[in-house]
1. Could you do me a favour and compute the accessible area per residue for the range 37-105, 1.4 Å probe, result in Å²?
2. Taking the alpha-carbon distance from Lys102 and a cut-off under 19 Å, which aspartates and glutamates remain once sequence neighbours fewer than 8 residues away in the same chain are dropped?
3. Give the carbon-plus-sulfur fraction of the accessible surface of the chain in %, rounded to a whole number; probe 1.4 Å, heavy atoms of protein chains only.
4. Which of the lysines could a cross-linker span from Lys55 if the Cα-Cα distance has to be under 21 Å and same-chain partners fewer than 8 positions apart are dropped?
5. What lysines sit close enough to Lys87 to cross-link, taking a C-alpha to C-alpha distance under 19 Å and skipping anything fewer than 8 places away on the same chain?
6. Report the relative contact order of the chain, percent, no decimals, based on alpha-carbon pairs under 8 angstrom and at least 6 residues apart.
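The values are calculated or read from the model by the stated rules, or taken from the named source; none is laboratory data. Treat the numbers as computed from the prediction; the structure is a model and nothing was measured. Note: accessible area is taken over every heavy atom of the protein model, side chains too, but ligands, DNA and RNA are not part of it. Shrake-Rupley method; radii C 1.70, N 1.55, O 1.52, S 1.80 Å.
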Amino acid sequence: GTPIEPSQNTPIGVQIAPDGVMRVQGGVTLNSTPEQWPEGSAVVLELRHYKQKEKKMSTRCWSFMEKESIRPGLFGLPLAIKPADTKRRKVKLYNKGNPDLKIRFSLE
């Protein structure tokens, strides 16, 4: 699909808990609200890492949340294998089972 908002990055660096969970403390702020988005819209998230050998950022996996599902709170989302399909037609899960990505939405 067509981006509604410009792409944003969280600060580089994560905290890794003893249980192996990675935590990104940064957040992003959108300039619009889901009510303003066209039908069929979604927030698309890419988990990226730095490839030292190639000296570039690369997408490891991605996820999304449909506009209709966005509300304040903490949500578990499945991760999908790359490439990111922003139209969400051919989504193949990265891991089968429990949601891998936890994301918190706050609407102000």
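1. For the range 37-105, the solvent-accessible area averages 71 Å² per residue.
2. Straight-line reach from Lys102, under 19 Å: Asp19, Glu46, Glu66, Glu68.
3. That share works out to 52 percent.
4. Lys82
5. Partners within reach: Lys67.
6. Averaging sequence separation for qualifying contacts and normalising by length gives 20 percent for the chain.
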